[in-house]
Ligand SMILES: [Fe+2]
Ligand SMILES: [Fe+2]
């Protein structure tokens with residue numbers, strides 16, 4: 001199914017046949033462009049960026065590559081085509097045909113799920129808006145902008161659902177997506193990790209590794225939804241999300257490799273004097289991003305999460321591949337519990353532990369990339385290993401909220417936490433050091449000194465290809 005790019009809003013949902021909806025989205029479009037102008041990547045409207053644009057949603061060859069100005073990017077509404085005879089795979093309605101319209105009794109819950117997901121998309125663009133000023137290479141600059149325009153499209157995807165299926169309050173929610181802003185003290189974004197600033201490229205690579213991976217797991221759980229338009233929207237978003245995580249993983253890998261080269265060359269762990277980011281600092285950034293991302297999954301035990309599952313609105317990761325009854329009325333699992341000075345477990349209804357299940361799948365997926373970083377470090381002959389901190393470390397949501405713990409899960413008092421937290425988290429000095437390395441490199445094929453070049457360019461282009469043209 002190909003998409004007509006002559007339409008004001010490219011789409012594969014027959015917008016032209018629904019005049020009311022088309023008009024509503026056409027009214028939202030200028031506000032979106034205004035938002036991009038005000039809060040999208042700073043001072044970039046004249047750049048021509050080698051971007052990929054979705055031209056069809058088939059598995060094969062959905063992308064088209066070419067230089068475009070970002071404000072002219074063809075943001076549109078693309079859903080994976082419906083699967084004939086699809087049935088709800090879990091919960092009370094298991095086995096019933098999927099819903100093509102919002103079931104009235106679940107309207108509030110579905111809207112909350114769409115709004116919460118939608119809010120993260122423009123938030124990340126806002127968080128990353130200044131990074132273009134300090135790109136380590138043209139290749140990286142292009143990747144940043146690719147991620148940014150696709151997050152913009154993800155907002156379009158969620159706004160389409162709000163407009164098409166939630167009437168007047170959906171339209172109001174769509175407007176509010178452009179009114180809340182990352183880090184705004186009065187109107188912040190809904191989730192805390194999306195209010196943190198992302199002002200350096202190490203943070204950007206961590207963001208696309210950890211926050212975008214949270215995106216992958218949330219989208220995968222929503223792709224199981226019995227509400228078919230949500231499922232189909234999220235399925236297509238997942239194909240874009242994969243690139244964001246590639247940017248994160250390959251970015252961290254390149255920093256690690258450069259650091260190892262400097263360690264070997266100068267025979268020291270402390271490579272700061274040579275313009276590299278020491279592994280200890282990389283570990284602190286991992287600790288920070290991973291811990292704030294675990295908060296995105298919500299409380300280990302949650303009635304809302306149980307309801308979303310039983311109602312058939314949000315499934316588990318790869319729901320249909322799990323070997324159980326997909327109703328879970330009598331199933332139990334162990335959830336963490338604070339027992340005095342140590343972390344124990346208790347038995348909980350599996351239904352209430354949906355957030356924990358998704359978080360644990362996320363943790364496994366996060367570990368896989370770390371294994372690859374560690375293999376690279378070992379290949380350079382070094383014994384240091386990067387690790388994920390324990391889920392009890394640096395948490396603001398769930399059972400660990402009220403305690404302090406080391407990355408190894410030892411519970412410690414407030415005084416010790418205050419005294420030692422910068423052993424584990426980036427200190428203001430660490431951040432200032434990383435920031436001091438952020439000088440723009442825009443000569444084609446050249447790389448900043450703290451990062452190794454990528455293995456290959458984008459879409460078969462050489463590394464010294466002019467990925468971004470400045471005018
Ligand atoms: Fe996204
Ligand atoms: Fe993303």
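Values as computed for the structure displayed
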quantity	calculated
Some residue of segment 199-207 being at pLDDT below 95 and either within 16 Å of ligand 2 (Cβ to nearest atom) or closer than 29 Å to residue 69 by Cβ (or both)	yes
Count - residues of segment 239-267 that are more than 19 Å from residue 371 (Cβ to Cβ), away from ligand 1 (no atom under 16 Å from the Cβ) and surrounded by fewer than 19 Cβ atoms within 10 Å (Cβ to Cβ)	5
Candidate set: segment 119-140, residues that are closer than 14 Å to residue 203 by Cβ and not in a helix (DSSP H, G or I); chosen: the one nearest to ligand 1 (Cβ to nearest atom)	128
Which numbered condition residue 66 misses (of (1) farther than 12 Å from residue 145 by Cα; (2) touching a residue at least 40 places away in the same chain (Cβ under 8 Å); (3) over 22 Å from the mean Cα position of the chain (by Cα))	(2)
Search result, residues across segment 423-469 that are outside any loop (DSSP other than H, G, I, E, B) and in contact (Cβ under 8 Å) with a residue 24 or more places away in the chain	424, 430, 431, 433, 434, 435, 468, 469
Check on residue 164, modelled with pLDDT of 95 or more, over 30 Å from residue 14 (Cβ atoms) and out of contact with any strand residue (DSSP E or B) (no Cβ under 8 Å at 6 or more places or on another chain)	no
Residue match in segment 413-429 (condition: in contact with a strand residue (DSSP E or B) (Cβ under 7 Å, 6 or more places away or on another chain), under 30 Å from residue 265 (Cβ atoms) and crowded, with 16+ Cβ neighbours inside 10 Å)	no
Qualifying residue in segment 141-153 (condition: within 16 Å of ligand 2 (Cβ to nearest atom), out of contact with any strand residue (DSSP E or B) (no Cβ under 7 Å at 6 or more places or on another chain), on the phi < 0 side of the Ramachandran plot and not in a helix (DSSP H, G or I))	no
Members of segment 87-101 found to be surrounded by fewer than 23 Cβ atoms within 10 Å (Cβ to Cβ) and touching a residue at least 24 places away in the same chain (Cβ under 8 Å), listed by number	89, 92, 93, 94, 96, 98, 99, 100, 101
Residue 230 closer than 21 Å to residue 84 by Cα and either away from ligand 1 (no atom under 16 Å from the Cβ) or free of Cβ contacts under 8 Å to residues at least 12 places away in the same chain (or both)	no
Residue in segment 364-387 that is in a loop (DSSP other than H, G, I, E, B), farther than 21 Å from residue 201 by Cβ and at pLDDT below 95 present	no
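The values are calculated or read from the model by the stated rules, or taken from the named source; none is laboratory data. As the structure is a computational prediction, the values presented were derived from the model and not from experiment. For neighbour counting, all protein chains shown are included, and Cβ atoms are generated from backbone atoms with ideal geometry for every residue, glycine included.
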